[in-house]
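Student: This is the structure, below, for whatever I ask next.
The values are calculated or read from the model by the stated rules, or taken from the named source; none is laboratory data. Model, not experiment: these values are computed from the prediction. Glycine gets a Cβ as well: all are built from the backbone with ideal geometry, and neighbour counts include every protein chain shown. Side chains are part of the model used for accessible areas, which takes the heavy atoms of the whole protein and leaves out ligands, DNA and RNA. Shrake-Rupley method; radii C 1.70, N 1.55, O 1.52, S 1.80 Å.
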Amino acid sequence: MRRRFALTTLSLISAAAALAATAWHIARNAAPPTFDDAWYLETSFRLFSALKAGSGAFVQAYVEAFRIKAPLISLVPLPLYALFGMGERVAVWANLPLAALAAWSWSRAAALWWRDHPRGKDAAALGGALVALTPLAYGLSRFFFVETLLSALLGLWAWRCAAARPGDRREGIRLGLILGLGLLAKSTFPLLAAGFAWPARERLRPQAKRVMFVGGLLAATWYAANLPYVLGFAWSAGFGSVARDYAGAGGLAARLDWLTTILRDGLSWPLASAMAATGAAAAISGKKSDAGTRAALWGLAPLLVYAAGVNREPRLIAPLLPVVALLAARASVSFERTGLRAAAAAALLGAGLAVCAERTFHSAAPSADPGWSRVGLVDAVAASNGRVAAVALESPRLNANNLSSLAAARGLGLKFVSLGYAQTSAETALIRLKDKSCDTLIFVEGAPEPDSPAFLNRANAGVLAMTVSGRLKTSPAARVTLAPGVTATVLRLIW
């Protein structure tokens, strides 16, 4: 009992240390948002502005949010805006309670999977700490991405699937609410959730209709108007043209590189090595798998779909990494000898804490650099009475998304659109300018080329040539210094 109390206490301290490190990182980080996170932020700010305008405006903004991405992440920080005002750094704080919820919910799932094991509670406590100490998990929680929310919802789903009883109607409602929220967090949530539902299928069958009805009703508040768009984008992002932009090479070598990236960046070599060594030692000792372990392994089944897909962005599988953490914790308590169990737990927590400290204070330390002067550029476009500005640059330092985010945070109706993301030529970019009703065009001189992905900037030079030749008529509006040696030219479009 004393050893169990010691492990539980040490696990809680370790999880608290990981959350404290994230809080410190969020408080110290001044780096601007980049691409997807800036888009989530812009939508979040516009939803809050619409809410202040009235329920009708909010409903319309909610239904029209993203179109191709589920909107729940952008709703989560709204209470923080009511307390502290809209701000890009304010929104990120919403991830901290979500990260804590994720660690707790996965721990509860583990407690039920291994409730018949004499040391199941130890596995649950240690597993929750390892979830909090997973590098990809806390790394993403320090920025405004959807994966922290998704991991928390998936943990709740796994927990309630493990707890489900055939005659409990309330369980059907609970699971339906989680399913609906999961769909509103990301369209691929059913794929992630299916692996946890399968082992519990006999217990869930009496509640299936209720789960689907409640979940579908909640999800329909947004999907009813956006289902065709989101399905098309989900396919493209997983297997189509959007995925190919981020895929690189194909074949077996690409899959192995994807796996290496997950081990190196998602888990880290020290933590992955500790997990592998613990699992191997447990296997060598001859311990057989149990129903809880098989349920956890079923939860990893969606990894096969991601491995087969074209898009190999590691953060897509981040919500599944807690299962790996729980399996490692389960392996660590399988040894009969107390010393071996203590050594395994020490190796896992020690590796996790060491990597967390290194990535918090060194390799992924918070940045004190606020980036280029987006404020000056937004002010210049607003002063020229621009309403929709096209930006001929897509770089992590400056792009349409983070300019729109800043404009929305300041309550401006001004919007920025990318010029070259989906366009392969100046001709198609010109069509985009007209389709988006652009009245302003921005060119940037002196931007470092390595920071500007080529596939996002294919049309910029051609559009610039059109303005120089006079084919695309413009008038000068402003010049803004963004950084030493980097200048933005703001042009009014004359249609």
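Student: Using the charge dipole of region 389-439 (Lys, Arg: +1 at Cβ; Asp, Glu: -1 at Cβ; taken about the Cα centre), state which of Ser404, Leu393, Ala426 has its Cα farthest towards the positive end.
Tutor: Projecting each Cα onto the dipole axis, the largest value belongs to Ser404.
Student: Which whole number in µm²/s is D for region 266-369 by Stokes-Einstein, with the Kirkwood Rh taken over Cα pairs at 4 °C and 1.567 mPa s? Spell out each step's value before the answer.
Tutor: Numbers: Rh = 15.4 Å.
My calculation gives 84 µm²/s for D.
Student: Could you check how many percent of all C-alpha pairs in region 1-110 are farther apart than 24 Å?
Tutor: Working: 2379 of 5995 pairs.
More than 24 Å apart: 40 percent of the Cα pairs in region 1-110.
Student: What area, in nm² and to one decimal, does the C-alpha convex hull of region 394-478 cast on average over all directions? Before the final figure, lay out the partial values.
Tutor: On the way: hull surface 23.5 nm².
Directional mean of the projected Cα hull area for region 394-478 stands at 5.9 nm².
Student: For the chain, what does the accessible surface come to per residue with a 1.4 Å probe? Please give it in Å². Can you show the working numbers first?
Tutor: Details: 21710 Å² over 495 residues.
Averaged over the residues of the chain, the accessible area is 44 Å².
Student: Relative to the Cα centre, what is the charge dipole magnitude of the chain, using +1 at the beta carbon of each Lys and Arg, -1 at the beta carbon of each Asp and Glu, and rounding to the nearest 20 debye? List each step's numbers first, then the result.
Tutor: Values: 50 positive and 27 negative charges, 310 e Å.
Around 1500 debye, computed over the chain.
Student: So for each of 298-304, 348-354, 334-340 I average, over its residues, the number of other beta carbons within 10 Å; can you give me the resulting order with the highest mean first? Don't skip to the answer; put the middle values down first.
Tutor: Details: 298-304: 17.7, 348-354: 21.4, 334-340: 13.3.
In decreasing order of mean packing, 298-304, 348-354, 334-340 become 348-354, 298-304, 334-340.
Student: Given that compact globular proteins tend to follow 2.2 N^0.38 Å, what is the ratio of the alpha-carbon Rg of region 333-440 to that value? Display every interim value, and only then the final one.
Tutor: Numbers: Rg = 24.2 Å, N = 108, 2.2 N^0.38 = 13.0 Å.
In units of the 2.2 N^0.38 Å rule of thumb, it is 1.85.
Student: Over all distinct alpha-carbon pairs, what is the Kirkwood Rh of region 150-227 in angstrom? Could the numbers behind the result be given before it?
Tutor: Details: mean 1/r = 0.0820 Å⁻¹.
It works out to 12.2 Å.
Student: Of all accessible surface on the chain at a 1.4 Å probe, what whole percent is carbon and sulfur? Intermediate results must be reported in sequence, preceding the final value.
Tutor: On the way: 13970 of 21710 Å².
Roughly 64 percent of what the probe reaches on the chain is carbon or sulfur.
Student: Over region 315-420, what is the relative contact order in whole percent, taking alpha-carbon pairs under 8 Å and six or more residues apart? Don't skip to the answer; put the middle values down first.
Tutor: Numbers: 72 pairs, mean separation 19.5, N = 106.
It comes to 18 percent, rounded to a whole number.
Student: Separate question: Add -39500 (n - 2.57) for each DSSP H run of 4 or more in the chain, then divide by its residues: what number comes out at 222 nm, to the nearest 500 deg cm²/dmol?
Tutor: Working: 25 runs with 315 residues, N = 495.
After summing the helix terms and dividing by residue count, I get -20000 deg cm²/dmol.
Student: When only Cα pairs under 8 Å and 6 or more residues apart are kept, what is the percent relative contact order across region 343-495? Walk me through the numbers before you get to the answer.
Tutor: Working: 237 pairs, mean separation 37.8, N = 153.
Over region 343-495, the number comes to 25 percent.
Student: A follow-up question, please. Once you wrap a convex hull around the alpha carbon atoms of region 67-149, what is its projected area averaged over all directions, in nm²? Intermediate results must be reported in sequence, preceding the final value.
Tutor: On the way: hull surface 26.5 nm².
In nm², the orientation-averaged hull projection of region 67-149 is 6.6.
Student: Taking 8 Å as the Cα distance limit and 6 or more residues as the minimum spacing, I'd like the relative contact order of the chain as a percentage. List each step's numbers first, then the result.
Tutor: Numbers: 818 pairs, mean separation 92.3, N = 495.
Normalised by residue count, the contact order of the chain is 19 percent.
Student: Suppose we look only past 13 Å in the calculated P(r) of region 438-495. What percent of the Cα-Cα pairs does that tail hold? Kindly include the intermediate steps, with their values, before the conclusion.
Tutor: Values: 1077 of 1653 pairs.
Here the long-distance tail beyond 13 Å is 65 percent of all Cα pairs in region 438-495.
Student: Right, here's the next one. How big is the shadow of the Cα convex hull of the chain, averaged over all directions, in nm²? Before the final figure, lay out each step's value.
Tutor: Working: hull surface 97.9 nm².
Computing the convex hull of the Cα atoms and averaging its projections yields 24.5 nm².
Student: Working from Cα positions, state the angle (0 to 90°, nearest 10) between the long axis of helix 338-361 and the longest principal axis of the chain.
Tutor: 10
Student: Give a residue-ordered list of calculated ³J(HN,Hα) values for region 32-43 (Karplus: 6.51 cos²θ - 1.76 cosθ + 1.60, θ = phi - 60°; whole Hz; x for Gly, Pro).
Tutor: Result, ordered by residue: x, x, 10, 10, 4, 4, 5, 5, 4, 5, 4, 4 Hz.
Student: Could you please report the charge total around Phe48, scoring K, R as +1 and D, E as -1 over all other residues with beta-carbon less than 14 angstrom from its beta-carbon?
Tutor: Values: positive: Arg46, Lys52, Arg410; negative: Glu42, Glu88.
So the surrounding residues net to +1.
Student: A further question follows. Per-residue HN-Hα couplings for region 78-85, Karplus 6.51 cos²θ - 1.76 cosθ + 1.60 at θ = phi - 60°, whole Hz, x for Gly and Pro?
Tutor: Here the 3J(HN,Hα) series is 4, x, 5, 5, 5, 8, 10, x Hz.
Student: When the C-alpha atoms of region 86-227 are aligned to their principal axes, what extent does each axis show, in angstrom, from largest down?
Tutor: Over region 86-227, Cα extents along the principal axes are 48, 46, 21 Å.
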